[in-house]
Amino acid sequence: MKKDLSYYMARSYRKEVVKDTDEDGYVAYVPELRGCITTGLSEVDALENLRDAMETWLSSALENGDAIPEPDALR
């Protein structure tokens, strides 16, 4: 089975959202995808933006042939 963007987007990656202590809003990131991080004015905004960030991160990794980690099994 070829692993494409839809395969990875359907995986259960852990998503973290924390209050931004320097600015108003929140920071959201995926620990398994190093550098996949974004912000939003609310937790919901940050998570919505994180979906776009994940698509960009994963698309870039697929295009460049970079290794893509599987979701952390220890959740």
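As a summary of the residue check, residue 18 satisfies the conditions (1) surrounded by 13 or more Cβ atoms within 10 Å (Cβ to Cβ); (2) at pLDDT 95 or above; (3) not hydroxyl-bearing (Ser, Thr, Tyr) except for the one numbered (1). Among the candidates 46, 53, 61, 28, the residue that is modelled with pLDDT of 95 or more and assigned to a strand (DSSP E or B) is uniquely 28. Inspection of region 44-51 finds no residue satisfying the criterion of being in contact with a Leu (Cβ under 9 Å, 6 or more places away or on another chain) and of a type outside the set (S, T, N, Q). Taking region 3-15 as the range and being free of Cβ contacts under 8 Å to residues at least 12 places away in the same chain and either surrounded by 12 or more Cβ atoms within 10 Å (Cβ to Cβ) or in a helix (DSSP H, G or I) (or both) as the test, the residues that pass are 6, 7.
Total residues in region 34-43 satisfying the condition of being surrounded by 13 or more Cβ atoms within 10 Å (Cβ to Cβ), over 9 Å from the mean Cα position of the chain (by Cα) and part of a loop (DSSP other than H, G, I, E, B): the figure is 1.
When residue 31 is tested against the conditions (1) touching a residue at least 24 places away in the same chain (Cβ under 8 Å); (2) within 14 Å of the chain's Cα centre (by Cα); (3) surrounded by 15 or more Cβ atoms within 10 Å (Cβ to Cβ), the lone failure is (3).
The values are calculated or read from the model by the stated rules, or taken from the named source; none is laboratory data. Only a predicted model underlies this, so the values are computations on that prediction, with no experimental measurement involved. Every residue, glycine as well, gets a Cβ built from its backbone with ideal geometry; the counts of neighbours run over all protein chains shown.
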